[in-house]
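Below is one structure, written out as structure tokens; the observations come after it.
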Amino acid sequence: MKKFSILLFLSIIPLSLFAQGEIKLNQLGFYPDSPKIAVIPGNVEGVFQVVDASTGDVVFESILGVPRHWEFSDEMVSIANFSEFTEPGRYRMVHELAGSSYEFEIRDDIFREVSKASIKAFYFNRASTELKEEHAGIWARPKAHPDDVVYVHESAATEERPEGYVFSSPKGWYDAGDYNKYAVNSGISTYTLMAAYEHYPEYYRNLYLNIPESGNKQPDLLDEIRWNLDWLLTAQDPNDGGVYHKVTTKNFAGVVMPHEATADRFAVMKSTGGTLNFAAVMATAARVYSEYDPDFAEEALEAAEYAWQWAVQNPEQYYIQPEDIQTGAYGNRELSDEFDWAAAELYITTGNDEYWNARNFDEINVGVPSWGYVRPLAWVSLAHHRENLTGAADVNLIERRIMEQGDELLEEFHRSAYGVTKGRYGNSDFVWGSNGVIGNHSMILLQAYRLNGDETYLQAARANLDYILGRNATGYSFVTGFGSKPPMFPHHRQSAAGDIEEPVPGFVIGGPQPGQQDGCDYPSNLPATTFLDHWCSYSTNEVAINWNAPLVYLIGAVDYFSGK
Ligand code: G3I
Ligand code: 9MR
């Protein structure tokens, strides 16, 4: 009967009403046992169906929730909840007026491939190496940016290393769609990947990424991270411990492949921000690599303490972009959070109370991490290590702080018409890199889940992953190569130059935000829909390591807790 009625309405409703993709859901799909939510725009009500993708048979039917307004896209939306349906398979969702969704799957390991790809994206952004076909497939490319000749820029000149001094600073990841390497943004990105390993080692020990180091004794994720740590170590001046803010060309390259971008590279200004990010990352690396590479761990800790000393002696070397340098600034004049984070990581790794006492942890709350606000990372690490801290730390306070932040986000999960936490902080959740923001919300939610085991925090994190993979107001899956409607024209030079049509997979693009700093012609001004899948749109459609890292963390955690 159900089958009959659906065929009947398919035949009588004009085709134009069936624009695929009006129904917003995770375009990959769902775990059998997890909540399954779709968002239906257009102020509609009534019955929705889940149909078998190949036969069209109705397999589940229920009633939409009451339409509600989502202020960030200024639309009325209803929730279709089909969590009760648990049968593995391929399906579509159908609603009489809203049409049909893209196909999706219900499967035990639904996010395994995207989990790997989100890490592999870092491999694709490696500087100083050829990407061989056996690892990179159709995205293979020649070696580029050896960075064995890097010039000290005037802004970084010292007696031992005057302007024009040449040193070698190879490896590392390209920051984003550009080809430069920035210490500040390396900080949160590298840390977040290490946190994924530190929190879920069993998951990552066996996750095979097919990178050149696969098969060595160390887990692939740690091999990938090491590529950037090796670069970062070279960005520290051995003469004083200070860290160059960036290794960069003077201007952004054109739309060319990496090996065609051959302009001179410069080490620009030592900064307190860059140096503190370095200290925090190296202190974390000293813990994370101690099992597989104790010598490296020791080297990392020494480098971290050296950097900390420089920062303490030079607390206000704010980055100022020199006139002849046009590339990313990552400038930041509020560094108390960088000091807190570096102190916390050094304290955890060394057990030395002096680091704890250097800061006032009693008074500060958590917040949401970003490249310019790293204090939450201190709390993430403190919470993970809370059983092994010295008496100086207040474990109850650490737990309370994480739970307060988790609860704040959870309020929005319950309130939001899209059922996500994005929007908790209003329009400021829709800034350049807004998909990184929701990734970082999720990272905090997952800490709350790890502390108290209440499934609601995990559900909220999974809902945020649904947002990234399609349950959002643009109807895109924001991860290249994944979903029915992924970005095809990201602001990623490697993807835009060359002859390969598909962009390099596994990258989350920055995401909608209304700033329009690139001056492209946008179809909308609203926070959640100002987005263009076009090269032009570097303010919404670029990729970046600090947005991919929380995606890695989120997918890995979800797959670890819910996947089979
Ligand atoms: O913090 C303010 C906030 O107070 C204000 O309400 C809001 C309103 O617009 O703006 C916020 O500042 C934004 C800032 O990012 C922090 O999110 C700026 O508008 C925005 O222009 C700025 O964008 C940064 C962008 O570079 C331009 O500088 C992004 O965060 C940053 O991720 C991005 O990074 C670039 C690198 O420079 C170069 N490599 C590519 C990378 C990704 O696009
Ligand atoms: O490609 C650059 C991108 O990586 C940066 O995030 C962005 C903002 O700094 O700038 C992009 O480069 C643009 C430059 O700023 C202005 N001219 C056009 C460039 C992109 O084609």
Exercise. List pairs: first in the stretch 248-272 and open to solvent by 10 Å² or more (accessible area, probe 1.4 Å), second at pLDDT below 95 and more than 15 Å from ligand 1 (Cβ to nearest atom), Cβ under 8 Å, 6+ apart or cross-chain?
Worked result: Met257/Gly498
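Looking at Ala121, is it surrounded by 24 or more Cβ atoms within 10 Å (Cβ to Cβ) and within 30 Å of Tyr31 (Cα to Cα)?
yes
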For this session: Of the numbered conditions (1) assigned to a loop (DSSP other than H, G, I, E, B); (2) buried (at least 16 other Cβ atoms within 10 Å of the Cβ); (3) not hydrophobic (A, V, I, L, M, F, W, C), Ser78 fails exactly one; give the number of that condition.
Result: (1)
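Suppose we filter Asp324, Asp337, Asp362 for residues that are modelled with pLDDT of 95 or more and in a helix (DSSP H, G or I); which single one remains?
Asp337
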Seminar exercise, completed: Within the stretch 81-118, the residues that are farther than 30 Å from Leu221 by Cα and assigned to a strand (DSSP E or B) are Asn81, Gly89, Arg90, Tyr91, Arg92, Met93, Val94, His95, Gly99, Ser100
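Here's the yes/no breakdown for (1) assigned to a loop (DSSP other than H, G, I, E, B); (2) farther than 18 Å from Phe478 by Cβ:
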residue: Leu397; (1), (2): no, yes
residue: Gly406; (1), (2): no, yes
residue: Glu411; (1), (2): no, yes
residue: Ala417; (1), (2): yes, yes
residue: Lys422; (1), (2): yes, no
residue: Ser428; (1), (2): no, yes
residue: Val431; (1), (2): yes, no
residue: Gly439; (1), (2): no, no
residue: Met443; (1), (2): no, no
Problem set entry | helices (runs of 4 or more DSSP H) wholly inside the stretch 120-217 containing at least 1 residues that are of a type in the set (Val, Ile, Thr), more than 27 Å from Glu502 (Cβ to Cβ) and more than 16 Å from ligand 2 (Cβ to nearest atom) | 183-199
For this session: Scan the stretch 531-556 residue by residue and report those that are closer than 19 Å to Lys422 by Cα, more than 12 Å from ligand 1 (Cβ to nearest atom) and open to solvent by less than 10 Å² (accessible area, probe 1.4 Å).
Result: Ala549, Pro550, Leu551, Val552, Tyr553, Leu554, Ile555
Seminar exercise, completed: Being polar (S, T, N, Q) and on the phi > 0 side of the Ramachandran plot narrows Asn228, Asn251, Asn210 down to just Asn210
Exercise. Looking at the stretch 397-407, is at least one residue in contact with a Pro (Cβ under 8 Å, 6 or more places away or on another chain) and either crowded, with 17+ Cβ neighbours inside 10 Å or more than 30 Å from Val39 (Cα to Cα) (or both)?
Worked result: yes
Problem set entry | Residues of the stretch 483-520 satisfying the condition of being closer than 15 Å to Gly439 by Cβ and in a loop (DSSP other than H, G, I, E, B) | Gly506, Phe507, Gly510, Gly511, Pro512, Gln513
For this session: Looking only at the stretch 279-301, decide whether some residue is out of contact with any Ser or Thr (no Cβ under 7 Å at 6 or more places or on another chain), among the polar types (S, T, N, Q) and open to solvent by 20 Å² or more (accessible area, probe 1.4 Å).
Result: yes
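The values are calculated or read from the model by the stated rules, or taken from the named source; none is laboratory data. Keep in mind that what you see is a predicted model, and the values were worked out from it rather than measured. Positions of Cβ are generated from backbone atoms using ideal geometry, with glycine treated the same way; all protein chains shown enter the neighbour counts. All accessible areas refer to the heavy atoms of the entire protein, side chains included, with ligands and DNA or RNA removed. Shrake-Rupley method; radii C 1.70, N 1.55, O 1.52, S 1.80 Å.
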